[in-house]
Amino acid sequence: MNRFTDCARRGALALIVLLAGSMTAAAAEESPTPCTEDAMIVFDASGSMAGSLAEGIGSKIRRIDEVRKALAQALPRVVHYRRIGLITYGPGSYKQCNVELKLKPQPNAAQRILHDVSELNPSGKTPLTAAVEQAAEVLHYKTDPGVVVLLTDGEETCDGAPCDLGKRLKAQGLQLTVHVIGFRMTAFWTGAQSALDVRCLAEETGGLYITAESQEELVEAFEKTL
């Protein structure tokens with residue numbers, strides 16, 4: 001074998017190795033990498049979610065309908081990355097503080113979650129603090145890392161203290177992150193303190209506080225947090 005042939009063979013072998021490495025890297029980029037942390041969506045179905053997007057003036061599109069549409073766009077994409085569960089709060093008597101566990105985290109949960117959300121009839125008060133606390137318990141937050149995504153359009157109305165809960169979850173939890181999506185929090189029935197309370201809940205746990213005013217912004221918020 002002459003020197004030219006030997007160099008040619010070595011060059012060809014190097015090219016094959018390089019191409020194989022590039023193909024492997026490309027395949028890895030195309031295949032989503034599952035997250036190790038389970039997630040719980042805490043969904044606001046309190047009475048305020050029955051309000052229209054135009055504060056009742058000439059609009060029949062309810063807040064909850066806009067959130068459902070956004071969730072229907074985002075969930076099918078994000079369930080490939082992690083197991084997700086659902087807790088709802090609100091439905092029931094307007095004087096009650098109802099929290100209900102709908103689904104513990106499981107893979108490919110989009111269809112089940114979307115079905116449960118579609119069945120909700122918004123009513124009742126807003127026990128968002130108790131709902132987040134229950135989600136943390138479902139995730140075994142004291143021993144396991146996890147993610148809670150709270151969707152809310154209003155203030156806590158069941159004597160809960162969101163900021164205090166955030167501090168407690170940080171102190172007692174292994175690594176629980178609470179993200180908060182505030183949908184149209186500038187409505188007439190919420191005050192500045194309401195936003196500060198839920199922002200504090202997120203920031204105490206290292207989470208994001210994201211405001212959304214439209215369906216498109218809701219989709220982005222769900223995808224970013226989940």
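When peptides 196-207, 104-115, 160-171 are ranked by their average number of other Cβ atoms within 10 Å per residue, the highest-first order is 196-207, 160-171, 104-115.
Name all residues of the stretch 60-102 having a backbone nitrogen under 17 Å from the label point set 7 Å from the Cα of residue 52 along its Cα→Cβ direction, giving them as ranges. Flagged as within label range: 60-67. Remark: the stretch 99-106, residue by residue, has Karplus-estimated 3J(HN,Hα) of 10, 9, 7, 8, 7, 6, x, 8 Hz, where x stands for each Gly or Pro and the curve is 6.51 cos²θ - 1.76 cosθ + 1.60 at θ = phi - 60°. Name the shape class, rounded, prolate or oblate, that the alpha-carbon gyration tensor gives for the stretch 75-226, where a ≥ b ≥ c are the square roots of its eigenvalues, rounded holds for a/c under 1.5, and otherwise prolate holds if a/b is larger than b/c and oblate otherwise. It is rounded, given that a/c, with a ≥ b ≥ c, falls under 1.5.
Holding the Cα-Cα limit at 20 Å, pick out from 104/142; 142/167; 125/224 the pairs that are longer than that. Pairs exceeding 20 Å: 125/224. Scanning residues 5 or more positions from residue 207 or on other chains, those with amide H under 5 Å from its amide H are 178, with H placed 1.01 Å from N in the peptide plane.
What FRET efficiency do you get for residue 77 and residue 159 if R0 is 41 Å and r is their Cβ-Cβ distance, rounded to the nearest 0.05? After rounding to 0.05, the efficiency reads 0.65.
Around the amide H of residue 96, modelled in the peptide plane, lie the amide H atoms of 125, all under 5 Å away and 5 or more residues distant in sequence or on another chain. Once you order the gyration tensor axes a ≥ b ≥ c over the Cα atoms, which shape class does the stretch 77-162 get: rounded for a/c under 1.5, otherwise prolate or oblate by comparing a/b with b/c? Judged from the Cα gyration tensor, the stretch 77-162 comes out oblate (a/c at least 1.5, b/c at or above a/b).
Return the loop-located chymotrypsin sites (Phe, Trp or Tyr not before Pro) in the stretch 41-105 (DSSP other than H, G, I, E, B) with at most 12 other Cβ atoms within 10 Å of their own Cβ; answer none if there are none. Could you put the intermediate results ahead of the total?
Numbers: sites: 43, 81, 89, 94; in loops: 81, 94.
Passing both the DSSP loop test and the Cβ count: 94.
3J(HN,Hα) along the stretch 129-136, derived from phi through the Karplus expression 6.51 cos²θ - 1.76 cosθ + 1.60 where θ = phi - 60°, amounts to 5, 5, 5, 5, 4, 5, 4, 4 Hz, with x in place of Gly and Pro.
Laboratory data are not the source of any read-out in this text; all were calculated from the coordinates shown. In this text the structure is predicted, and so the values were computed from the model without any measurement. Quick reminder, even Gly has a Cβ in these numbers, built from the backbone with ideal geometry, and neighbours come from all protein chains shown.
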